[in-house]
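For reference, the structure discussed in these notes is given below.
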Amino acid sequence: MTTSELLSELIDQATETMWGPELSAVLEKALGLAQEQGNESGEYRVRLLLGNNAQMTGDTDALLTNFAWCLAKHDDDPARFPNEPDAGSDLMWQFKWMVGILGGDPQFSTEQIQAVLADMEEHYKRANLGLSGVAMARFESAFHNGHQKEAARAFAVLAATERDEYSHCDACVRSVAMDYHFRTGAVEEGLKEFAELMDGGFSCGEEPEHAISHAIVQLLRAEDHQNLRSLHMRSYRDARDNADNIAIIANHLVFCAITGNEARGLAMAERHLAWLAHDPLAHRSHLNFLTALGLLLQKVMAAGHGEVPVRGSDTALLNAFFGQRESVLSAEELAPLCWAAADALAAEFDVRNGNDWHARFVANRRAMIAEAHDFPISAEQFNTTAPPQPEEPQNSEEWRGRALDLGSVGQFDAALAAYAQGVASTDDPRELAVLHNAAITIHAHVPGEEHVAAMRNAVALRAAALRKAGDEVLAGLTERASELLAAPDGEDTNPAKLALIHSELDTASPHPEAQYILSSALGGILLAAGELEAARATLDGMENAIAGWEAGPWHSSEQALRRARTRHAGLMLQLCTQEQDADGASEWLEKNLELDTSVVGRAALLAMRSRVHFQTREPAKALVDADAATDLLLSLGARSAALQTIQLSAAILMEMGRTGELRALLRFGIQQAQMAEAPVLVSLSYALAQDLVEHGDTEEAIELIDETLRSTVVEIGDHDRGELYDLLGSALRNSGELGGAVSAWTMGLQHFSASDEQSRIAELHVAIGSTYQEAGHFEAAMEEAQAGLDVLLSADEAQEIDPRSVVAARMQLAGAMSLAGDDGAPDAIEAAGALAEQIASEHQSAEIYMIRATHLFRSGDVDGAVAQALQGSSAFEKLDGAQQQTAWALLQAAHMLDNATRYDDAVALYRQVIDSLAQDLQGQEVIRHQLADCLESAGRTAEAATVRAEAQAEAEAGRHQQ
C-alpha cells in the first residue's frame, strides 16, 4: 500500500470513528503522514476533521489552530482547498463556531469578534451561500455578550431570514431561542419552545440535553413537575461523558442545589470538577460552573455540612481558579473561592463588553441561595472520609486489644503502632509479656522476612518479660512453641504443631496457663479437622486448666482469665455449631457476648446472632444486631469487614420490605466500598440498581449502573459486567429507550461471551429479540431468538443448560415468527409446547397456550384462538401466585370475541374477568369500562350506562381508600 493510499484509508477510518481520543489518535497519525509526504491537500482534509473533533471534545485551542490553517489555504486556492472536501467536513460550517469561541474568552476584544463576523459574512457571500448562519452568529454574539438591544434586532433579522443549509438544526434553533427568552424574562415563550423541541423529537450532538438543562429550573418554578426528575437524569446522563458539556453540568448543579439534593449535586460536582481545567479558553462556561458550584456549596453549608470535603479540590490543575492549595478543601472553604473566581471572570467580560451583563448573571446566581423547592431526586448521602473513632485506650490491656483488633482486620501498621503505644504505657513485666504475645500474633500473619525477624524478637522479649516476672515455665514454653503455634493453621503447619503440643503436654509441669495455651491450640486444630469427640475432650481439659489457673497462686490478672474464658467459649460455640446442637450453640453464643470485649470479636458474634434471628423469623432483632456489628467495625475503621455486615442488614431490610431504608443503606455501603476500594462495590451497586428497576425508578437505576460500569475504583470482571449490562438493558427498556436497551444487551453479550456463559448469552439474545419484536422489527426479532436457541442447543454438557431456557428461546422464536407471518410459526409453537410438557414446565405451558391463541386469532381462527386462551386461563389458575395471569388470559379471550364483533359472548367473559379481580378495585374499574364499550357496541346502551356507573362508584371508593 502506497503512502497516499494509507492516508486515504486513515481519512476513511476517521470518518467512521466516533469523536474522542480514538479519533484523535487516527487523525494525528494521518496528519503526520500528510506532512511527511508534503501533501497539503491531504493535510487540509485531515485538519478539517481535527477541527470537528476538537469542537466536539472541547479543545478550543486545537480548533482555532486548525481552522486558521485551513482558512488561509482555502483563501489562497479555493479550487485546491475546497470548502467541503469530504462529506461532513465543511470549512464554512466551522466558521459558525468561531464567533462563539472568541466571545467566550474575554482576552479576545469586541473588535476581534466583529472582525470575524464581517469575515464570515464576506466568505459566505463569496461562496454564494445563504446567510442564515451569519444571522445566527450575530444574534448569539450580541445575546451572550449582553448587548441586548442589538440582540433583539438580530433576533428579528434571524427570524426573517430564510433557512438554508447553514442554518442551525431544528433542535438548536429552538434551544437558542428558548435560552434567549428565559434570560430576557419571556419564560412562557421559552417553555413553549422547549415543548416544541421535546414533542417534535428534535436532537443533535448536544441536544436535547443542553435545552433540558436550561429548562428544568423554569419548569420547577412553574410547578410543572411531570417528568422533571426523568428530564434531569436523562440530560445529565447524556452530557456526563464530554468535558465540553461543563455548562450543562453546571445547570444540573444549580437544579440540585435549589431542590434540596445537595448531596447528589456535590457528588456530581466532584465527578466533573477537573473539567474546569479542560479548555483554558472556555471562560464563559467556567463562569457558569463556578457560580453553580458556589451556589451548591452554600446550600451544602446551609444544610449543616459545611465541613464535608470536596474531593478533587486539591488538584494543581485548578490553581488558575483557586490559587495554591495544599490539601482537599471543605465546602465552606471552597465556596468563597468559587465566588471570588466568578466575580473576577465576570469583571473581565464586562470590561470588554462595556456592560454589567455577566456581573448581573453572578448576582442572580447568588440570589438563588435563598431559593428552595422540595423536590427529592434520589437519596444520596454526603461522603465522609473518616469513620467514627473509638475512644483512646487508657492502659496496656486496652492497647493490646486495640492492636489485635486492628491486626485481625488487616491494618497491620496501625496494629503494631498500637502495640508500641501499649509497651510505652507500662513497666509491668506481666503486662509487657501479654503485649509481646500480641506482637507475635500480628507479625505471624504478615508476609515478609522482616516480619519473621520481628516475630522472633517479640518471642525473645516475651520470654524475658516472663522471666523478669518469675515465670520460668511460661518463658521456656514461649521460646520453644510460640513461633510455631502463632503460625496460621493448615496442612503445612499442623503436623508439626500437633507433635509439639503433644510433646509439651506429656512433659509439662502443672502450670495451668501453659496447659491452657496448649489445649487452646490443640482444640482449634481438632475442630478444623472435624475430630469433634477429641475436640470436646480437649476443651474439657482446657476448662479445667482455666479453673486451676484461677484457683492457684499464679498472679494472673482478671483480664487474662477473661481472655481465656472467652477463647474457651468461642471454641465451644464452634463445637456446638459443628455438632448441629442449636441449643448449645445459642447458649455459648450468649456466653461469648458476655465475655468478649474485643471490637472485632463482638462484631462477629453480633453478626452470627443476627443470622440466627433472621433464620428464626425475627428480622427486627436481626437488624439491630447487624447494625450494631457494622457500627463496631466502622469505629475501628474496618470498612472492608463492615461491608459484610452492611450486606447482612441489606438482606434483612429487603426481606422486611423496608425499601427506603434499604436504599439508604446500600448507598452508604457503596460509599464505604468506594473508600475501601472493595470489590463488593459491584454487588452493592447491582443490588441497589435492581431494587430501583423493580420499583420503577429506572432513570436512577440507569445512572447508577452507568456510574458503576465507569468505576476505576475496582476491577470488574466479564461476568459482573455482563450482569450489569443486562440490568441496564432492562432499565432502559422499561424507560422506553429500546435502542439503548439493545445496545446495553449487545455489550452484555460481549462480556458473557468472554466468560463463556452460554445460558446468559442465550438469555440476552432472547431479550434483544423481544425488544425488536416490541419495536415492530419482526425479522430481527426472529434472528435474535434463533441465535439464542442455537447457542443453547450447541452448548456442551459442562454448561448445564436449564431446559426452561430452551423453552423460553423457542417461545420467543415462535412469537416472532407469528408476528412476521412466517409459515413455520405453527411448527415452532408446537415444538415449544412439546418441550415444555416434556420437562413439566407448567407456567411455560400456560404461556404457550396464549402464544398459540394469539397466532390463531391473527390467522383468522377466532374460535380456535378463544379456546386456546381459555385453556391458558385454566392452566394459569392451577398455578400458585398466577391470579393476575389467569384474569389476563380470560381478558385476551374477551378482547378476541369483542374484536370479532361477537359481543354477547365477549360480555360473558368480561364479567368473568371482573369477578376474578375481586381484590383489585382499580383493575375492575378498567375492565368495567371495557365491558361498557362492548355493551354499547352490542346496542345494549342501558346496561352499558349501569356498568359505567358501577365503574365510577368503584373509582370513588378507591379514592376514599387512599
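The values are calculated or read from the model by the stated rules, or taken from the named source; none is laboratory data. These numbers were taken from a predicted model, which means no experiment stands behind them. FYI the Cβ positions are ideal-geometry reconstructions off the backbone, even for glycines, and counts take in every protein chain you see. Remember, those area values only see protein heavy atoms, side chains included, never the ligands or the DNA or RNA. Shrake-Rupley method; radii C 1.70, N 1.55, O 1.52, S 1.80 Å.
What ³J(HN,Hα) values, in whole Hz, does the Karplus curve 6.51 cos²θ - 1.76 cosθ + 1.60 give for the range 474-485 when θ = phi - 60°, with x put for Gly and Pro?
So the Karplus estimates, Gly and Pro as x, are 5, 4, x, 4, 4, 5, 7, 10, 4, 4, 6, 5 Hz.
Over the range 746-807, what relative contact order in percent results from Cα pairs under 8 Å that are six or more residues apart? Mind dumping the intermediate values first?
Values: 60 pairs, mean separation 21.4, N = 62.
Once normalised by length, the contact order is 35 percent.
Give the angle, between 0 and 90 degrees and rounded to the nearest 10, that separates the Cα long axis of helix 228-239 from the longest principal axis of the Cα atoms of the chain.
Result, in degrees: 90.
Would you calculate, for the chain, the mean residue ellipticity at 222 nm contributed by helices, counting each DSSP H stretch of 4 or more residues as -39,500 (n - 2.57) and dividing by all residues, to the nearest 500?
Working: 46 runs with 718 residues, N = 962.
Using -39500 (n - 2.57) per qualifying helix, the result is -24500 deg cm²/dmol.
Keeping the other protein chains in place, figure out the carbon and sulfur percent of the accessible area of the chain, with a 1.4 Å probe.
On the way: 22030 of 43830 Å².
Roughly 50 percent, rounded to a whole number.
Show me the GluC sites (Glu not before Pro) within the range 638-689 that DSSP assigns to loop and that have at most 16 other Cβ atoms within 10 Å of their Cβ.
On the way: sites: GLU655, GLU661, GLU677; in loops: GLU677.
Answer in residue order: GLU677.
Apply the Karplus curve 6.51 cos²θ - 1.76 cosθ + 1.60, θ = phi - 60°, to the phi angles in the range 814-823 and return the couplings in whole Hz, x for Gly and Pro.
Values per residue, Gly and Pro as x: 4, x, 5, 4, 4, 5, 7, x, 6, 5 Hz.
In the range 201-233, what GluC sites (Glu not before Pro) fall in a loop by DSSP, with at most 15 other Cβ atoms inside 10 Å?
GLU223
Taking the mean number of other Cβ atoms within 10 Å as a proxy for protection, how do you rank 729-739, 442-452, 394-404 from highest to lowest? Before the final figure, lay out the partial values.
Details: 729-739: 19.2, 442-452: 15.1, 394-404: 20.9.
In descending order of packing, they fall as 394-404, 729-739, 442-452.
Measure nothing fancy, just the Cα-based angle from helix 209-221's long axis to the longest principal axis of the chain, in degrees from 0 to 90, nearest 10.
It works out to around 80 degrees.
Please give the charge dipole size of the range 241-375, origin at the Cα centre, charges +1 on K and R Cβ atoms and -1 on D and E Cβ atoms. Round to the nearest 20 debye. It would help to have the intermediate numbers written out before the result.
Working: 10 positive and 16 negative charges, 38 e Å.
I would put it at about 180 debye.
Quick one: Karplus J couplings for the range 36-43, per residue in order, coefficients 6.51, -1.76, 1.60, θ = phi - 60°, nearest Hz, x for Gly and Pro?
The phi angles translate into 5, 7, x, 8, 6, 5, x, 5 Hz.
Charges only on Cβ, +1 for Lys and Arg, -1 for Asp and Glu: so what's the dipole of the range 676-790 about the Cα centre, in debye to the nearest 20?
Dipole size: approximately 120 debye.
When ligands, DNA and RNA are left out and all protein chains stay put, how many square angstrom of accessible area per residue does the chain have with a 1.4 Å probe?
Numbers: 43830 Å² over 962 residues.
I get 46 Å² per residue for the chain.
In terms of modelled amide H atoms, which long-range or inter-chain residues lie less than 5 Å from the amide H of SER330?
When sequence neighbours closer than 5 places are left aside, the close amide H contacts are VAL310.
Within the chain, how many lysine pairs that are 8 or more places apart, or on different chains, have C-alpha atoms less than 25 Å apart?
So the count works out to 7.
For the range 782-891, which GluC sites (Glu not before Pro) are both in a DSSP coil and crowded by at most 10 other Cβ atoms within 10 Å? Mind showing how you got there, number by number?
Numbers: sites: GLU783, GLU784, GLU797, GLU800, GLU830, GLU837, GLU842, GLU847, GLU877; in loops: GLU800.
Of the GluC sites (Glu not before Pro), the ones in loops of the range 782-891 whose Cβ has at most 10 other Cβ atoms within 10 Å are GLU800.
Treating the beta-carbon of each Lys and Arg as +1 and of each Asp and Glu as -1, no other charges, what is the dipole magnitude of the chain about its Cα centre, to the nearest 20 debye?
On the way: 69 positive and 147 negative charges, 470 e Å.
Magnitude of the dipole: close to 2260 debye.
Would you report the distance distribution of C-alpha pairs in the range 757-840 as whole percents per 10 angstrom bin, up to the bin with the largest distance?
21, 51, 26, 2
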